[in-house]
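Report on the following structure.
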Protein chains: 2
Amino acid sequence: MILIDWGTSSFRAFRVENGAVTDRRESGMGILRVEPGGFASGLRGEIGPWLGDGETHVLMSGMIGSRQGWVEAPYAECPAGPDDLARALVAAPFEGAEVRIVPGVRGTDPSGVPEVMRGEETQIVGVLDRIGEEATACLPGSHSKWVTVRRGRIAGFQTHMTGEAFAALRDHTILGRTMQDGPTDPDAFRRGVRRAREQGGLLHHLFGVRTQALFSQLSETEGASYLSGLLIGHEVAAAMPSGEVHLIGAAALCELYALALACFEVRAEIAGADAAASGLARIAERASWN
Amino acid sequence: MILIDWGTSSFRAFRVENGAVTDRRESGMGILRVEPGGFASGLRGEIGPWLGDGETHVLMSGMIGSRQGWVEAPYAECPAGPDDLARALVAAPFEGAEVRIVPGVRGTDPSGVPEVMRGEETQIVGVLDRIGEEATACLPGSHSKWVTVRRGRIAGFQTHMTGEAFAALRDHTILGRTMQDGPTDPDAFRRGVRRAREQGGLLHHLFGVRTQALFSQLSETEGASYLSGLLIGHEVAAAMPSGEVHLIGAAALCELYALALACFEVRAEIAGADAAASGLARIAERASWN
């Protein structure tokens, strides 16, 4: 069995034999780097040797199932759990192996505005054993997802455009002029998170990044960390988690979110790496292959 | 008397004789387009003929008094009214006329974070007769100012980075991909404003711009207006004006803000153009010239 997390800018594949990952392969061949019509040959280029060894089942998740991907896999509706996803796999045309794509999940926020995810549903499935059947999970990133798990299924979720807004504000507004690149400054990050809890709103708080720099209350090495804390703080304040939050994703980012959650006195647990591989394995077990 | 509103990207001069504007001149010679050390000759290039006619008093406001301008004019502290500003004028070296710069104003927000303005204080002074001694004014723009006037002085103010955040998000995130340039769509703008009043926070609402476009709930001609309404709506929600709001600035932008305030059932009044010229005239009257 071959499991693949194929996203916008990355490709990660796992070979699983007798339930254990025996090989893995990672590349920058995200879907945006594949020519139209080139997905089958792109896949063969990446995992040809494993196919040559006789692997015949490939399960993929992520943006590969989007309109810009190989085959569009229609969204499953919330609530969606491992069985719902396994039933809704979509086949991609490929000679010599059965290739299936996990659908994304669609929901609405409390105001009725549409919500979508692709890839995160599989990561959630991958940590279900660990986080339990009733849980709140957060998958931080460009588009952070806050997911409510009920009875072992994704009951609903909300996305915050935090990472992408951070990059746009740092790189394309006056704020970036007083910021130096460098490692995260945890104290400045925490100050930003605490600022998010004060009155005035995000757009006002953003201007404060500028004035504090002008009056030497925020140094060039602190600026980006403070801005990051400010935005993540606003995200956490809006998400209003009540119980423990399970963080899923890259370790460094999860640690930042854990720091932010601590400022809100919310308990955080980092739910670990390779969630996509575990989720794909779990869905693959439940799927009916030819 | 010559009055000049000299900002980052524009230069606007008024010639006043016997209390009436008899000539005006506008150019794109903002302070960022003037070489270091070139302000005196730049000024002479713009208003040489008026000086040749015998004008000897020049009063300026705006970013010309900033660190990047001609002479840095230290901020006046809140509360600041016309007399405070007139007492704090700073001279710029110029042969053949007395040139003075109105200082900006400095305050702090309720959390103690610094606030600054340069130019807006003069516009406020320019509309004081109209808005009265106790008022709330809003000067929309890249960095919108909400100003509380008490006893005819600027008692405090808060800035929101709304215009600049709008441009960064439209031009440098995924949101711009589903937006076409065009005139403001008032209905889409109002939908954005109303969205700002729903739960979830700005970073979540931003992602909704994307999903609504994906599901054909927001067209390419509506996208930018909706995003504008969303951001201005968040600004108004955070500013929480209680009474009438006096809008000062460019007519089209003031009309948008009036539309947003109407969604919050807040009364708005557009306080008119040339506020800078009126304010400069009022401060000039109170100043002691040599």
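The values are calculated or read from the model by the stated rules, or taken from the named source; none is laboratory data. From a predicted model like this one, the values you see are computed outputs, not experimental measurements. Using ideal geometry, Cβ is built from the backbone for each residue, glycine included, and neighbour counts are taken over all protein chains shown.
Select from region A:210-228 the residues that are more than 8 Å from chain B (Cβ to nearest Cβ) and farther than 19 Å from A:Leu256 by Cα and list them in ascending order.
Of everything in region A:210-228, those that are more than 8 Å from chain B (Cβ to nearest Cβ) and farther than 19 Å from A:Leu256 by Cα turn out to be A:Ala213, A:Ser216, A:Leu218, A:Ser219, A:Glu220.
I'd like the full set of residues that are under 19 Å from B:Glu95 (Cα atoms) and of a type in the set (Gly, Ala, Ser), limited to region B:10-51.
Passing the criteria: B:Ala13, B:Gly37, B:Gly38, B:Ala40, B:Ser41, B:Gly42, B:Gly45, B:Gly48.
Being surrounded by fewer than 24 Cβ atoms within 10 Å (Cβ to Cβ) and either of a type in the set (S, T, N, Q) or facing another protein chain (nearest Cβ under 9 Å) (or both) narrows it down to one residue among B:Thr122, B:Thr173, B:Thr159; which is it?
Just a single option satisfies the conditions, and that option is B:Thr173.
What are the residue pairs meeting all of these: first residue in region B:230-259, first residue within 14 Å of chain A (Cβ to nearest Cβ) and touching a residue at least 24 places away in the same chain (Cβ under 8 Å), second residue in a loop (DSSP other than H, G, I, E, B) and of a type in the set (Phe, Trp, Tyr), Cβ atoms under 9 Å, and 6 or more apart or on different chains?
B:Gly233/B:Phe264; B:Val236/B:Phe264; B:Ala237/B:Phe264; B:Pro241/B:Phe264
Search region B:260-277 for residues being farther than 30 Å from B:Ile2 by Cα and touching a residue at least 12 places away in the same chain (Cβ under 8 Å), and hand back the single one that is surrounded by the most Cβ atoms within 10 Å (Cβ to Cβ).
Only one residue fits best here, namely B:Ala260.
Restricting to region B:140-156, and then to whatever is within 24 Å of B:Glu255 (Cα to Cα) and away from chain A (no Cβ under 13 Å), can you tell me which residue is surrounded by the fewest Cβ atoms within 10 Å (Cβ to Cβ)?
By that ranking, first place goes to B:Thr148.
What's the number of the condition B:Phe264 fails, among (1) closer than 30 Å to A:Gly229 by Cβ; (2) within 13 Å of chain A (Cβ to nearest Cβ); (3) at pLDDT 95 or above?
For B:Phe264, the failing item is (2).
When you scan region B:56-69, do you find a residue that is surrounded by fewer than 12 Cβ atoms within 10 Å (Cβ to Cβ) and either closer than 20 Å to B:Leu139 by Cβ or among the small types (Gly, Ala, Ser) (or both), even just one?
no
Could you look through region B:35-53, keep only residues that are at pLDDT 95 or above and assigned to a loop (DSSP other than H, G, I, E, B), and pick out the one that is surrounded by the fewest Cβ atoms within 10 Å (Cβ to Cβ)?
B:Asp53
Which one of these is free of Cβ contacts under 8 Å to residues at least 12 places away in the same chain and either assigned to a helix (DSSP H, G or I) or among the hydroxyl-bearing types (Ser, Thr, Tyr) (or both): B:Leu203, B:Leu280?
Criteria check complete, one pass: B:Leu203.
Could you list all residues from region A:106-119 that are of a type in the set (Gly, Ala, Ser) and at the interface with chain B (Cβ under 9 Å from one of its Cβ atoms)?
Scanning region A:106-119 gives a single hit, A:Ser111.
Let's see how each residue does on (1) closer than 22 Å to A:Pro103 by Cα; (2) over 21 Å from the mean Cα position of the chain (by Cα); (3) modelled with pLDDT of 95 or more; (4) in a strand (DSSP E or B):
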{"site": "A:Asp5", "(1), (2), (3), (4)": "yes, no, yes, yes"}
{"site": "A:Phe14", "(1), (2), (3), (4)": "yes, no, yes, yes"}
{"site": "A:Thr22", "(1), (2), (3), (4)": "no, yes, yes, yes"}
{"site": "A:Ile64", "(1), (2), (3), (4)": "yes, no, yes, no"}
{"site": "A:Arg67", "(1), (2), (3), (4)": "yes, no, no, no"}
{"site": "A:Glu72", "(1), (2), (3), (4)": "yes, no, yes, no"}
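Mind checking which residues of region B:125-139 are surrounded by fewer than 23 Cβ atoms within 10 Å (Cβ to Cβ) and either on the phi > 0 side of the Ramachandran plot or under 10 Å from the mean Cα position of the chain (by Cα) (or both)?
B:Gly132
Six or more apart or on different chains, Cβ under 9 Å: which pairs go from a residue in region B:145-157 that's over 16 Å from B:Arg106 (Cβ atoms) to one that's part of a strand (DSSP E or B) and not hydrophobic (A, V, I, L, M, F, W, C)? Could you list them?
B:Val149/B:Thr136; B:Val149/B:His246; B:Arg150/B:Gly156
Which number in (1) closer than 18 Å to A:Ala13 by Cβ; (2) within 14 Å of chain B (Cβ to nearest Cβ) marks the one condition that A:Thr56 misses?
The one condition A:Thr56 does not meet is (2).
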